[in-house]
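Reading through the structure tokens given below for one structure.
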2 protein chains.
Amino acid sequence: MPDPVTEGFAVRVARAVAVRGPLCAGIDPSADLLAQWGLPDSADGLRTFGLRCVEAFADVVPAVKPQVAFFERLAAAGIGALESVMAAAREAGLLVIADAKRGDIGSTMEAYASAWLDPSSPLVADAVTLLPYMGLGSLRPAFDLAASSGRGVIVVVRGSNPEGRSIQEAVTSFRGNGELFHGPSVEDVLLQGIGDLNRGGLAVPGTVGAVVGATLQPSQFDLAGLGGVILAPGVGAQGGTVEGTARLFAGCPPGGVLVNVSRSVLGAGPDLGALKRTASAACEEMSRALG
Amino acid sequence: MPDPVTEGFAVRVARAVAVRGPLCAGIDPSADLLAQWGLPDSADGLRTFGLRCVEAFADVVPAVKPQVAFFERLAAAGIGALESVMAAAREAGLLVIADAKRGDIGSTMEAYASAWLDPSSPLVADAVTLLPYMGLGSLRPAFDLAASSGRGVIVVVRGSNPEGRSIQEAVTSFRGNGELFHGPSVEDVLLQGIGDLNRGGLAVPGTVGAVVGATLQPSQFDLAGLGGVILAPGVGAQGGTVEGTARLFAGCPPGGVLVNVSRSVLGAGPDLGALKRTASAACEEMSRALG
């Protein structure tokens, strides 16, 4: 019988960030990057790309984030390559965040949770990203499965892209005494709900995190009260700056934020030394900025 | 060079519904159903389950909807089984709706579109379901790729589950002259946006459809103006009735609605004749109700 889980995902992330810095390096083998790296557009190309990333990042960053879409593009063969890359990353001691952005309900959500969070799955990650459009409550099977083995779920709440703002900033409303009242925004309701889960709504605190784009201004919710890991995309290609990121997350506890970088590191090309130097420099820059 | 596409997804669905009725049969090999059917919890079990469904449904219903999560649960091997099941369904002349509920931005969204809508992909479907949390505009790569080959995208707008209501009913807002104005709900903004895409925002009308739960009351948007296929879950296990479904979609054009049933048909068990009779009866019942 396994020991009871006493350490949540947030604690594991904070410990890794304390050692190496707050960077999460993307593993994004798009068709463009495969070509740029001189690799074939095939499952072998995906596998070589991913294993090279793992080798380069292993002693340099705390976490990697394989983007599932780029593997799924090549169907079963691509997912096979992802299995190899994730196994290598686990073996190398990296935290693995599967960027899958799944979301569904009931037994279907249970099946997605099983794919990405069950310790016996070939695709098991330390955390998986999920989309909350069908409701935070619909993701509950993933929260519970994650908590049972000290893993995490990172809910996309505030995306770094502009197209999602009108949905994420929409105002929740409710009827009482025949009148319509307006509540907080969708994103703030979700952040509050995640905070509640981390403060006692789940077996293990720190299980549920949130994606909060580094390109944004603060919302009403005080991120210091999230109690879970923040994954911050948007630095670099999408216009987010290191300084803006540091300001946005200034109130968060130490080790509570992972800044995602993908293109700016992967653009260094396939040379192992160049990749390692670029990732290391990005990690040090973020460490200095986020203190 | 292929012929230019003149016929959108909605026209193809309407023609199939006119022949066979408005039913979309789910292919949902959950662990529970595999056990109930006496099949192993393995990729072989998934494949056998899916191929049996295709054989039973082929001459009876217009469309099938494999639930991707139940295949993904077994990682690359499971996705390999899904490839076989989808190939068999295409071969049998069924419309195939991949229930993947993907959603992302930029080149990542392009990769998901490629996986499910590129004619050269082993997973190519007639349509794929997507989640709009990151914005309807973020799904554009899928709309464009679908339109280029007469395929479709079905956006989850109004889920049949209660947990998503507060997000989907939240009220969009905007600032003008220093004041905050409230607009339509998230779900009505999305339905309006889909209607606009189908009325000229895309190369081929009828490319984009919507999931609208059969368990719901009407929203403000008049579904007769959607211009795309409605996929309606929620009949049966989730409490939706055939009569309620007929009322909710009374104003929609003929052949514009596919009612999804999964558990009530798959519960008939593995016997081919029983499966076929159950699917046929469900399809006839829906045909009578939706006229």
### Cβ-Cβ under 6 Å pairs, at least 6 apart or on other chains, the range A:49-69 side free of Cβ contacts under 8 Å to residues at least 60 places away in the same chain, far side assigned to a helix (DSSP H, G or I) and surrounded by fewer than 23 Cβ atoms within 10 Å (Cβ to Cβ)
A:Leu51/A:Ala88; A:Val54/A:Ala88
### Message
Looking at the range A:70-87, I want the residues that are over 18 Å from A:Ser262 (Cα atoms) and at the interface with another protein chain (Cβ under 7 Å from one of its Cβ atoms) and have a partner that is in a helix (DSSP H, G or I) and of a type in the set (Phe, Trp, Tyr) with Cβ atoms under 6 Å, at least 6 apart or on another chain. Which pairs are those?
### Response
A:Ile79/A:Phe71
### Query
Of the residues A:Leu190, A:Leu197, A:Leu180, which single one is within 13 Å of chain B (Cβ to nearest Cβ), hydrophobic (A, V, I, L, M, F, W, C) and in a helix (DSSP H, G or I)?
A:Leu190
### Summary
Of (1) hydrophobic (A, V, I, L, M, F, W, C); (2) surrounded by 24 or more Cβ atoms within 10 Å (Cβ to Cβ); (3) under 24 Å from B:Val235 (Cβ atoms), B:Leu33 satisfies every one except (2)
#### Entry: Neighbours by Cβ (under 8 Å, 6+ apart or cross-chain): first from the range B:14-41, more than 17 Å from B:Leu266 (Cα to Cα); second of a type in the set (Ser, Thr, Tyr)
B:Gly21/B:Ser287; B:Pro22/B:Ser287
### Message
Taking the conditions exactly as written (buried (at least 17 other Cβ atoms within 10 Å of the Cβ) and more than 22 Å from A:Val261 (Cβ to Cβ)), does A:Val229 satisfy them or not?
### Response
no
## Note on the structure
Of B:Ser219, B:Ser173, the only residue that is on the phi < 0 side of the Ramachandran plot, touching a strand residue (DSSP E or B) at 6+ places or on another chain (Cβ under 7 Å), more than 13 Å from chain A (Cβ to nearest Cβ) and not charged (D, E, K, R) is B:Ser219
### Query
In the range A:35-69, which residues are over 20 Å from A:Leu94 (Cα atoms) and aromatic (Phe, Trp, Tyr)?
A:Trp37
### Task
Quickly run through the range A:127-142 and pick out the residues that are closer than 11 Å to A:Val153 by Cα and either at the interface with chain B (Cβ under 8 Å from one of its Cβ atoms) or polar (S, T, N, Q) (or both).
A:Thr129, A:Leu131
#### Entry: Residue check for A:Arg90: more than 7 Å from every other protein chain (Cβ to nearest Cβ), closer than 27 Å to A:Gly21 by Cβ and charged (D, E, K, R)
yes
### Task
Kindly check whether there is at least one residue in the range B:98-106 that is within 16 Å of B:Gly206 (Cα to Cα) and surrounded by 24 or more Cβ atoms within 10 Å (Cβ to Cβ).
no
### Query
Got at least one residue in the range B:147-169 being modelled with pLDDT of 95 or more, in contact with a Lys or Arg (Cβ under 9 Å, 6 or more places away or on another chain), assigned to a helix (DSSP H, G or I) and polar (S, T, N, Q)?
yes
### Task
Report the residue count in the range B:55-69 for those that are touching a Lys or Arg at 6+ places or on another chain (Cβ under 7 Å) and within 12 Å of chain A (Cβ to nearest Cβ).
0
### Query
Which residues, taken from the range B:178-203, are touching a Phe, Trp or Tyr at 6+ places or on another chain (Cβ under 7 Å) and either of a type outside the set (S, T, N, Q) or at pLDDT below 95 (or both)?
B:Phe181, B:Gly183, B:Asp188, B:Leu191, B:Leu197, B:Leu202
### Task
Could you grab me the full set of residues in the range B:48-90 that are surrounded by fewer than 24 Cβ atoms within 10 Å (Cβ to Cβ) and acidic (Asp, Glu)?
B:Glu55, B:Asp59, B:Glu83
### Task
Assess whether A:Gly255 counts as being touching a residue at least 60 places away in the same chain (Cβ under 8 Å), on the phi > 0 side of the Ramachandran plot and surrounded by 20 or more Cβ atoms within 10 Å (Cβ to Cβ).
yes
### Query
So which of B:Ala203, B:Ala224 is out of contact with any Lys or Arg (no Cβ under 7 Å at 6 or more places or on another chain), within 22 Å of B:Leu117 (Cα to Cα) and small (Gly, Ala, Ser)?
B:Ala203
### Query
How many residues are within 9 Å of another protein chain (Cβ to nearest Cβ), outside any helix (DSSP H, G or I) and among the small types (Gly, Ala, Ser) if we restrict to the range A:101-126?
2
### Query
Counting only residues that are touching a residue at least 12 places away in the same chain (Cβ under 8 Å), touching a Gly at 6+ places or on another chain (Cβ under 8 Å) and surrounded by fewer than 20 Cβ atoms within 10 Å (Cβ to Cβ), how many does the range A:154-170 have?
1
### Query
Limited to the range A:258-291, what total is found for residues that are under 12 Å from A:Pro22 (Cα atoms) and touching a residue at least 40 places away in the same chain (Cβ under 8 Å)?
15
### Query
closer than 22 Å to B:Val229 by Cβ and within 11 Å of chain A (Cβ to nearest Cβ): does that describe B:Gly26?
yes
### Selection from the range A:201-226 of residues that are small (Gly, Ala, Ser) and crowded, with 22+ Cβ neighbours inside 10 Å
A:Gly206, A:Gly209, A:Ala210, A:Gly213, A:Ala214
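The values are calculated or read from the model by the stated rules, or taken from the named source; none is laboratory data. Please read all numbers here as calculations on a predicted model, not as lab measurements. Every residue, glycine as well, gets a Cβ built from its backbone with ideal geometry; the counts of neighbours run over all protein chains shown.
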